[in-house]
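Q: Just passing along the structure, written as structure tokens.
The values are calculated or read from the model by the stated rules, or taken from the named source; none is laboratory data. Nothing here was measured: the structure is a model prediction, and the numbers come from that model. Note: ideal-geometry Cβ built from the backbone for every residue, glycine included; neighbour counts use all protein chains shown.
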Amino acid sequence: MERVFGTLQGRLPQELRVAGIDGIDAANAWLASSFVPAFNARFAIKPEEEGTAFLPFVGDLYNILCVQEERVVGNDNCVRYGGRVLQIPEQAHRRHYVKAQVRVHAYPDGSLALFHGPRQLVRFPAEAASEGEDAPATPASARARGPQGQALRAAL
């Protein structure tokens, strides 16, 4: 495709000049009526089978299309990211992750998540950044502090 685009970009201005076309509307009309049919007649190849060759994607695009950065958990069981301190809540099978390598996922909607290997430890919703200092930290949530010290709640 890149080669075709390069050929078209190099060839089309000369074809338009030879045809005496100097306006955008005239060029669009000439492309639709003359150039594209002649180009397709010369280079188009009929497919061997009917239908589409595209398959639906079955992966997890939400976790693929995000910024992922490695961090080391501090002695306070917290990770620092983007000027915030994200606390990892105690897990049923593991109380702390001190010195463990974790991955921070920053999603386009502003939410954050912490992963240890394939396992998600905690998720911080995007609207959590606007909560006040008095937001309670329950066993089902964790506390994170933003740059001004406001508490952030995590939804598990």
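Q: List the number of the failed condition for His93; all other conditions in (1) touching a residue at least 40 places away in the same chain (Cβ under 8 Å); (2) surrounded by fewer than 13 Cβ atoms within 10 Å (Cβ to Cβ); (3) over 22 Å from the mean Cα position of the chain (by Cα) hold.
A: For His93, the failing item is (1).
Q: Still on this structure, I have one more. What do you reckon, is Arg103 crowded, with 16+ Cβ neighbours inside 10 Å and modelled with pLDDT of 85 or more?
A: It is true that Arg103 is crowded, with 16+ Cβ neighbours inside 10 Å and modelled with pLDDT of 85 or more.
Q: I've got another one for you. Cβ-Cβ below 7 Å, separation at least six or inter-chain, first residue in segment 1-28 and of a type outside the set (A, V, I, L, M, F, W, C), second surrounded by 12 or more Cβ atoms within 10 Å (Cβ to Cβ): which pairs?
A: Within 7 Å, the pairs are Glu15/Phe35.
Q: Return the residues of segment 75-84 that are out of contact with any Pro (no Cβ under 9 Å at 6 or more places or on another chain) and not in a loop (DSSP other than H, G, I, E, B); say none if nothing qualifies.
A: Cys78, Val79, Arg80, Tyr81, listed by residue number.
Q: For segment 1-74, give me every one of the helices (runs of 4 or more DSSP H) that falls completely inside it and has 3 or more residues that are among the charged types (D, E, K, R) and surrounded by fewer than 12 Cβ atoms within 10 Å (Cβ to Cβ).
A: Of the helices (runs of 4 or more DSSP H) lying wholly inside segment 1-74, those with at least 3 residues that are among the charged types (D, E, K, R) and surrounded by fewer than 12 Cβ atoms within 10 Å (Cβ to Cβ) span 2-19.
Q: Of all the residues that make up segment 73-115, how many are among the basic types (Lys, Arg) and over 20 Å from Pro125 (Cα atoms)?
A: Here the count works out to 3.
Q: Only one of these is at pLDDT 90 or above, of a type in the set (Lys, Arg) and more than 30 Å from Tyr107 (Cα to Cα): Arg80, Arg71, Arg3, Arg17. Name it.
A: The conditions single out Arg17.
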